[in-house]
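Below is one structure, written out as structure tokens; the observations come after it.
Please treat every number below as a calculation from the coordinates, not as lab data. On a predicted model such as this, the values are computed, not experimentally measured, just so you know. Quick reminder, even Gly has a Cβ in these numbers, built from the backbone with ideal geometry, and neighbours come from all protein chains shown.
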Amino acid sequence: MKIIDILRQDKVTLSFEVFPPKTSDTYEVVAQATHEIAALKPDFMSVTYGAGGGTSAHTVNIASELSEQYGVDALAHLTCVSSTKEHVKNMLAQLKDKGIQNILALRGDIPEGGAPASDYRYAAELVRDIKSQGDFCVGGACYPEGHVESANKAEDIRYLKEKVDAGCEFLTTQMFFDNHILYNFLYRIREQGITVPVVAGIMPVTNVKQIKRITSMSGTYLPERFKAIVDRFGDNPAAMRQAGVIYATEQIIDLIANGVNHIHVYSMNRPEIAAGIQASLSEILG
């Protein structure tokens, strides 16, 4: 099923993200984690695409397995970074051959000292190319706090509108830890005529290393309440893992209570994290 058709249903949706292995010798470990998360029967699962496209074959394989073996709709990532038009054409042919209808079109993180391939500068260009080559449902990313490379939030929303006008049918947010940031973002984009469904991306932070990586890469705002949790439990891995899952679950409950019905969990190939969140939402999800 196309993701847009899932999101148009009058229900709360919960989805999870997995990432392919960097090397073939760890494929089975990732495949097992994917199997365990798929067994939770989420509304769909997204499969990331490694920097530089090095894991592209694994992305296609895992997305295909989700659909064929587990009956879970898959959303395959595809990035501009290091992609030529020929490479994208080849990837789309593979996805089409495997029956994958859903693609998340991203610019991708530019490697240090590198740059996007000359064929694509922005995700909007990739979106148009994908839409011209098949009946794909295409989603895109959005940044409630503004993209780190944008001059300001107004500029970021203008670029987001271009992406939607190019054919993005839904948007998935970058992680955030203060729900008011998302509520304000939704108000601003609706004012600018962006009416496609928005899926809230939630990251359960379960260790201190994650936090340092998050803040260094994206400058994500960390509320004082969240910092207090890290200060109290950061040196106790088991307690930090539990507290991180609870914090993410409370975020999700608040979002759903305020009408944000589509939740995407960055589960980091951790079945126990995905299962813990889903179990805490069992009656809410219905």
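What are the DSSP H helices in the chain that stretch 24 Å or more along their long axis, judged by alpha-carbon atoms, and whose average Kyte-Doolittle hydropathy comes to at least 0.5?
Going by DSSP H runs, the hits are 237-257.
Looking at the range 56-208 from every direction and averaging, what is the projected area of its Cα convex hull in nm²?
10.4 nm²
Full-extension gain between S282 and K89, please, as 0.36 nm times their residue separation minus the C-alpha to C-alpha distance.
65.4 nm
Using label points projected 7 Å from each Cα along Cα→Cβ, tell me how many nm separate R225 and E28, to one decimal.
Result: 4.4 nm between the two label points.
What does the convex hull of the Cα atoms come to per residue for the chain, in Å³?
It comes to 132 Å³ per residue, whole-number rounded.
Please report the net charge: other residues with Cβ closer than 11 Å to the Cβ of I3, K and R +1, D and E -1.
-2
Quick one: dipole size for the chain, taken about the Cα centre, charges +1 on Lys/Arg Cβ and -1 on Asp/Glu Cβ, in debye to the nearest 20.
For this selection, approximately 300 debye.
Sort Y187, Y247 so the one with the fewest other Cβ atoms within 10 Å of its own Cβ comes first.
Y187, Y247
Going 7 Å from the Cα of I4 toward and past its Cβ, which residues in the range 69-108 have a backbone nitrogen under 14 Å from where you end up?
Within reach of a label on I4, which here means backbone N under 14 Å from a point 7 Å along Cα→Cβ, the range 69-108 contributes 101-105.
Working from the alpha-carbon coordinates of the range 164-281, get Rg over Rh, Rh being the Kirkwood radius.
Answer for the range 164-281: 0.99.
Could you state the principal axis extents of the C-alpha atoms in the range 170-213, from the largest down, to the nearest angstrom?
38, 19, 13
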